[in-house]
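Some notes on the structure that comes next.
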Amino acid sequence: MPDHDERKLSIREMINAHLFPVLALAATASAISIAMSLAPVAEQAARWNKCYDAGLAWLERSSPSIKGGDRTAIAANFCNGGLPNRPAR
């Protein structure tokens with residue numbers, strides 16, 4: 001290293017010289033690990049959104065008299081594993 005004028009570095013100086021690259025590597029590895037662990041959640045959310053949109057389209061075709069919050073509740077209930085029951089009125 002040109003900073004130390006051919007003298008031997010102390011332990012503290014060696015740690016300080018290598019601290020930033022080591023911390024940068026750890027931060028990069030952590031960010032990659034977090035991104036990889038969130039991929040399944042994103043895939044599940046995309047599948048749920050497709051199911052919800054398909055449920056709303058099905059309700060529009062099969063029961064146009066159901067409007068507003070009832071329609072969204074039925075679609076969400078179906079995509080969460082419930083049965084597509086018509087609201088009681």
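The values are calculated or read from the model by the stated rules, or taken from the named source; none is laboratory data. In this text the structure is predicted, and so the values were computed from the model without any measurement. For neighbour counting, all protein chains shown are included, and Cβ atoms are generated from backbone atoms with ideal geometry for every residue, glycine included.
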Would you check if there is a residue in region 60-73 being under 17 Å from the mean Cα position of the chain (by Cα) and not acidic (Asp, Glu)? no
Under 9 Å between Cβ atoms, at least 6 apart or on separate chains: pull out the pairs that start in region 62-81 with a residue that is on the phi < 0 side of the Ramachandran plot and assigned to a helix (DSSP H, G or I) and end on any residue that is modelled with pLDDT under 90 and among the polar types (S, T, N, Q). ARG71/SER63; ILE74/SER63; ILE74/ASN85; ASN77/ASN85
Consider only pairs whose beta carbons are under 9 Å apart and that are at least six residues apart or on different chains; among these, list those whose first residue lies in region 31-58 and is without any contact (Cβ under 8 Å) to a residue 60 or more places away in the chain and whose second residue is assigned to a helix (DSSP H, G or I) and among the aromatic types (Phe, Trp, Tyr). CYS51/PHE78; TYR52/PHE78; GLY55/PHE78; TRP58/PHE78
Does region 54-77 contain at least one residue that is at pLDDT 85 or above, acidic (Asp, Glu) and surrounded by 11 or more Cβ atoms within 10 Å (Cβ to Cβ)? yes
Exactly one of (1) surrounded by 11 or more Cβ atoms within 10 Å (Cβ to Cβ); (2) modelled with pLDDT of 90 or more; (3) of a type in the set (Gly, Ala, Ser) is unmet by ALA46. Its number? (1)
